[in-house]
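One structure is given below, encoded as structure tokens.
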Amino acid sequence: MNFTRTFSFSLFVMLLAPLFSGAQNLTSDSIDVFIKDKMQKKHIPALQLAVIQNNQLVKLNSYGIANLENNIKATNKTIFSINSITKAFVGVAIMQLAEDGKLKTTDRVSLYLDSLPATWQKITLQQVLTHTSGLPDMLDEDEQLLGNGIEKLAMQKVKALPMEFNTGDKFSYNQTGYVLLGQIITKLSGMHFTRFIEERQFKVAGMNLTRFGDSYDVIPNSAGAYTMTKLVNGQFIRNQTPGVGYIQFPLFYRTAAGILSTAGDMANWIIALKEEKLLKNKSSIAAMWQPAILNNGKVGGFNALTNGYALGWPTVTRDNHPAVGPVGGGRSALFVYLNEDLSIVVLTNLMGANPDQFIDEIAGYYVPEMHEANGFGLSPNLKKLRAGLLKQGFDRAISLAADLKKQDATFNIDENALNAWGYQLLNQQKPNEALSIFKLNTTLYPNSANTYNSYAEVLELTGNKKDALVNYKKSFQLNPGNTTTAERIKILTGN
């Protein structure tokens, strides 16, 4: 997570505040404390959590309000949209057809679909599944479906567009390919792709509450959708409280997004997958979870965390605790950890809750070294710095960084990574340690307005207004266009 100037001053006040104000009313379960604190900070109305170990559901809980309009509490039967996690079900469906001998993932899409443009002819199923095809996207710049959501018109319009890049050159999230996959599943299975997924996955896994649908459908026990963004004078702004979100997924588009489920049902699906009830061969699962290798030999994905993409499954490709991690709509996530017998499902009804950003921390309650407070997620160089600081003291940050550089000329620390660690320390109620890290960042990157601004904010929060003003002024000199910094200077000088 990269914290920048876009965060409001009030957020930092909140970070230093005690944990969730109702903590005395919580259970003794520290995970529940963590979840409720995270919900408060992110304004998440409702959240469901499932944890699977040894192919057993070891924790299932629901928190918050499923329906804000009528103050209806979330239960374990509350149904959430999983959005693009649907693509992982499509990956399983394609591998099921492969096991049935009806296709190979190395086959060209054109082998199964007629009337494709000439530039699409050599694209394989694997390249479509991994978003490396270069196909033009069926969503426009406003994320609206082409052709007003009419399948025939949408296909006509997208086929007329040029390829976005050479196949295999990069990862680019794309909905068109999954519409094509839906057409192929329907053709080869002899039934509509929604029914094929229902029959071969929902029913087999015992997902009794799971279904296809969207905001238009009347769904018993639905958690609905909420958003913190609001359209004002033609521009989207971030609001202070959640408002109602509304999304429709036409039937032909429901391979890209369209499944609604519960954390309990999703846990049953993961268990069925691992017990080879959905796919017969472990080799099929291994192939499905293998991230695509780009033409340059690297993997590509959404961000530094979900940094690869396999057959419908985003991957968390890293040396320690790798995982496959489908995410959906910025509101839901599930991580299956590949080297631990551990899987975690988090469903929410807030777009932008981004539970993938804190699901590793939940895993830390089962694998303690995965807690941020224990240094998990830091780069190798930051881990070296942290180890030294724990021994020598954080007030030695500047001299220790210099010593490490003398010992190894290749030792470098990324500005944004160091800034992010500072905010982690702040969030862990360690303001003095955070101050040392922010001060170090100003010495390593003296021409960055961002480093001075971060340092100034924490100085102000800890009561050192004099030094805060000095650093705000340094930041403003480097970036005179930052109105937030100008406002803090104005307040601190009494003008």
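Peptides 224-237, 407-420, 75-88 ranked from most to least packed by the mean count of surrounding Cβ atoms within 10 Å: 75-88, 407-420, 224-237.
Between the amide H of residue 309 and those of 292, 300, 315, distances stay under 5 Å, these residues lying 5 or more places away or on another chain, with hydrogens modeled in the peptide plane. In order along the stretch 382-391, phi translates into HN-Hα couplings of 5, 5, 4, 4, 4, 4, x, 5, 5, 7 Hz, rounded to whole numbers, per the Karplus curve 6.51 cos²θ - 1.76 cosθ + 1.60 with θ = phi - 60° and x for Gly and Pro.
Overall form of the stretch 206-320: oblate. Here a/c, set by the Cα gyration tensor axes a ≥ b ≥ c, is 1.5 or more, and a/b is not larger than b/c. Arranged from fewest to most other beta-carbon atoms within 10 Å of their beta carbon, 194, 315, 262, 443 become 443, 194, 315, 262.
The relative contact order of the stretch 286-408, computed from alpha carbon pairs under 8 Å that lie at least 6 residues apart in sequence, is 11 percent. In the chain, taking the dipole from charged Cβ atoms about the Cα centre, the farthest positive-side position among 494, 105, 234 is held by 494. Other residues whose C-beta falls under 15 angstrom from the C-beta of residue 191 contribute a net charge of +3, scoring Lys and Arg +1 and Asp and Glu -1. Among 318, 488, a tally of other beta-carbon atoms within 10 Å of each Cβ gives an order, fewest to most, of 318, 488.
Of the peptides 375-384, 433-442, the ranking by mean beta-carbon count within 10 Å, highest at the top, reads 433-442, 375-384. Dipole size of the chain about its Cα centre, with +1 on Lys/Arg Cβ and -1 on Asp/Glu Cβ: approximately 400 debye, rounded to the nearest 20. Counting other Cβ atoms within 10 Å as a rough exposure proxy, the listed residues 275, 198 run 275, 198 from fewest neighbours to most. Taking other residues whose beta carbon is less than 9 angstrom from the beta carbon of residue 209, and scoring Lys, Arg as +1 and Asp, Glu as -1, yields +1. Structural descriptor for the chain: relative contact order 17 percent, calculated from alpha carbon pairs under 8 angstrom and at least 6 residues apart. Backbone geometry of the stretch 56-70 corresponds, through the Karplus equation with coefficients 6.51, -1.76 and 1.60 at θ = phi - 60°, to 3J(HN,Hα) couplings of 10, 7, 9, 8, 9, 8, 10, 9, x, 10, 6, 10, 5, 4, 10 Hz, x marking Gly and Pro. Note that the stretch 240-251 has calculated 3J(HN,Hα) couplings of 8, 9, x, x, 6, x, 9, 9, 10, 10, x, 4 Hz, one per residue in order, obtained from phi through the Karplus relation 6.51 cos²θ - 1.76 cosθ + 1.60 (θ = phi - 60°); glycine and proline are x.
Within a Cβ distance under 11 Å of residue 135, other residues only, what is the Lys/Arg minus Asp/Glu net charge? Residues close to residue 135 contribute a combined charge of -1. Take 385-396, 128-139 and order them by the average number of nearby Cβ atoms within 10 Å per residue, most first; the result is 128-139, 385-396.
Computed from the coordinates by the stated procedures, all read-outs in this text should not be read as laboratory data. Since the structure is predicted, the reported quantities are computational estimates derived from the model, not experimental observations. Here the Cβ is made from the backbone with ideal geometry for all residues, glycine too, and neighbour counts use every protein chain on show.
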